[in-house]
Amino acid sequence: MSAVAGTAAAVQELNEDQRAALDACVVAALALSSSEGEARGRMRLLMECHGRYVRSFGVLKQAPSYEVFADQLRGSRVADLLPGRPKGSVLDELWLLDDDGMPSSALHRLAVEAAEHGHQAPGIGADIRHLRSLLRAVGMLPVSTGLSRISGESVQHAVFHALRAAGFEAYTRGREAMVRTPVLTRRELSRSTALVELGAYTGISPTRQFGGLWAACPMCEWTLRATYRPNGAVDLECEEDRHSLLGARYRAEPDAEGWHLAPRGELRTVPELLPVEGYVALPYALWLWVTLPGLLEVELRDRLVASGAKVRLWPFGDAYDLHVTRPGRSRVWRVDVKTWADPYGLAQKLREEPEGPGGLCFVVPEHLRGYLPLLRRVVRDGGARVLTDADLVAEVAGA
């Protein structure tokens, strides 16, 4: 089970002081691990974060000094950084920076899901500001609302609603492009009026480039995160922890001819190094909330078709993702795919479902099976079901 995938649910369980402390820790960790921008500006941001961190402890608890605060960000579990130390949370399995001060796979995710001030942070802050502008442009984010109050469901709804305004054909092409090609050349982007008007793609983030170059994950085709090492090498790794564990991680080292890329995992496929100039990419949150679930949607369609089912992908906009039937059978499966364990997003989806939730199947990837009891409690009274992709394929095949 992926602890990183459960961050949204874990953050919702925190009290106000713990959320404030987490916000301060996340932004401070991003500032500490980044070389972007002026050193004086990063130090000023770190001091502001420590001030917010101290206030989150209140007057009756002793907060760590700045030196201790900065030191504890390295190697400490997230739960240990928070006042009252939440127990039984996935935050007890995550850290922000490793012992060498390098960012974890959870750090950027927490920046978009938990950080009120994530827009201030070096690197990822530019992505967050871009997403905020996009949501406001399509009328889905009031000026007074912080991005940390926006769920993955809301982001999907805003993006898909804006694409549908161009017509269903343009909507389908645009949505599939965001799934299959999260990085495009500027020329390719210019051919899609709907995507240009949406403004979803932007320049490749400084956190995912080095020496004017970038590389794509072989599994999702999005930009690999670039982390400079003290010896001059650069580690490249997919932001999706499962892709990284499966081998989407590399080391780039300079040589006489430029940069040499070598695998650090079992995956021997080595991506091409490409120039940053001329390319645009989805920001982190759209890759997380549109590309990743879309990959599972497309894969699930193919598996269901192979089992003998008839499948329509995205049949009614973003009402749900797969309309599944079996030839000669009357049963219908209305499938909504989720790749993050967010019970609050599911609850919101139930409230927004125009036809009612009855008969809707929420499907999560097999590696999130451990979250099924929690997610099922959320949908219990609405008539919907929650199951894994493997469960759905077996159920349809046996119907």
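Values computed for the structure shown
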| read-out | value |
| --- | --- |
| Choice from Ser35, Ser89, Ser330 showing the highest fluctuation, given a GNM over the chain with Cα pairs closer than 10 Å | Ser330 |
| Rg and Dmax [Cα atoms of the range 121-239; Å; Rg one decimal, Dmax integer] | 15.8, 52 |
| Radius, Kirkwood style, for the range 1-140 when every pair of distinct Cα atoms is counted (Å) | 15.2 Å |
| Solvent-accessible surface (1.4 angstrom probe) belonging to Thr202, in square angstrom, nearest 10 | 40 Å² |
| With DNA, RNA and ligands ignored, accessible area of Lys310 (1.4 Å probe; Å², nearest 10) | 140 Å² |
| For the chain: span of alpha carbons on each principal axis (Å, largest first) | 68, 58, 42 |
| Met102, Met219, reordered so the largest accessible area comes first (probe 1.4 Å) | Met219, Met102 |
| Spin-label model distance (nm) - Ala137 vs Leu372, 7 Å beyond Cα toward Cβ | 4.2 nm |
| The range 21-104 - Kirkwood radius from inverse mean 1/r over Cα pairs (Å) | 13.0 Å |
| Size-normalised alpha-carbon gyration radius of the range 180-310, reference 2.2 N^0.38 Å | 1.15 |
| Choice from Gln18, Gln209, Gln62 with maximal GNM fluctuation in the chain (Cα, 10 Å cutoff) | Gln62 |
| Of the DSSP H helices in the chain, those whose Cα atoms cover at least 15 Å axially and whose Kyte score averages 0.0 or more | 16-32, 124-137, 292-306 |
| Ranked packing of 376-386, 173-183, most packed first, by mean Cβ within 10 Å | 173-183, 376-386 |
| Relative contact order of the chain, defined on C-alpha pairs under 8 angstrom at six or more residues apart (%) | 13 percent |
| Choice from Glu116, Glu36, Glu153 with maximal GNM fluctuation in the chain (Cα, 10 Å cutoff) | Glu36 |
| Solvent-accessible area, 1.4 Å probe, carbon plus sulfur percent, for the range 203-323 | 51 percent |
| Per residue value of the accessible surface for the chain (all protein chains in place, 1.4 Å probe), Å² | 44 Å² |
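The values are calculated or read from the model by the stated rules, or taken from the named source; none is laboratory data. Note that the structure is a prediction, hence the values are computed from the model and not measured. Every residue, glycine as well, gets a Cβ built from its backbone with ideal geometry; the counts of neighbours run over all protein chains shown. What goes into the accessible areas is simple: the full protein's heavy atoms, side chains included, and nothing from ligands, DNA or RNA. Shrake-Rupley method; radii C 1.70, N 1.55, O 1.52, S 1.80 Å.
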